[in-house]
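Below is one structure, written out as structure tokens; the observations come after it.
What follows draws every value from the coordinates through simple rules; no lab data is involved. These figures come from a predicted structure and were not determined experimentally. With ideal geometry, Cβ positions are generated from the backbone for all residues, glycine too; neighbour counts draw on all protein chains shown.
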Amino acid sequence: MVLVWLFVLFTVLPVVELWLLIAIGRGIGALPTVLMVVGMGVLGATLARHEGRRVFHGWRSAIREGRVPEEGILEGALVLVGGVLLLTPGVVTDVMGILLFVRPTRRIIAGLVRRKLEASIADGTIRVQSFGSRGGSASRGDATGRVVSSEDVPAKDGGDDQAPPSTLLH
């Protein structure tokens, strides 16, 4: 499935973008089409900087006030992706980038991405591994690929005089 998406992203999308730019160029002329592409790039850079700063300042203010930021890291990442899409020449990427800058649309997309990530974590497609305070891993994969807590791993000799597994992992 990943190969299909990579094929679409790097082969089909550029062909569609080129076809659309040629069609627009035939309709409004070459110079206006080039100016439109350059203008969208400038708009993308400006919007990315503005929205990125707004999201960053919102995070900083919320943390300073001791509360959870309204916009999560996922929405901030979507703002960054939107800026990159607007910087990429093309009509389809511009529309997708603009949609990521509109807050209601971005929240809908963030919800879809969040649900997809949660489902992937739940079915084991994505494994999450955290690290303890001393740098040791607090979780390990077992033979089936499931992640198990280090506290669930029995001592090899069954003795209770060993240090807890979480302190042995670093």
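List of remarks:
- Overall, the anisotropy analysis places segment 47-88 in the prolate class: the square-rooted eigenvalues a ≥ b ≥ c of its C-alpha gyration tensor yield a/c not less than 1.5, with a/b exceeding b/c.
- Relative packing of peptides 88-94, 12-18 - highest average C-beta neighbours within 10 Å first: 88-94, 12-18
- Using 0.36 nm per residue and subtracting the Cα-Cα separation, the extra length available between Val95 and Thr125 on full extension is 7.8 nm.
- Taking the average, over residues, of other Cβ atoms within 10 Å as the packing measure, peptides 54-66, 96-108 rank 96-108, 54-66 from highest down.
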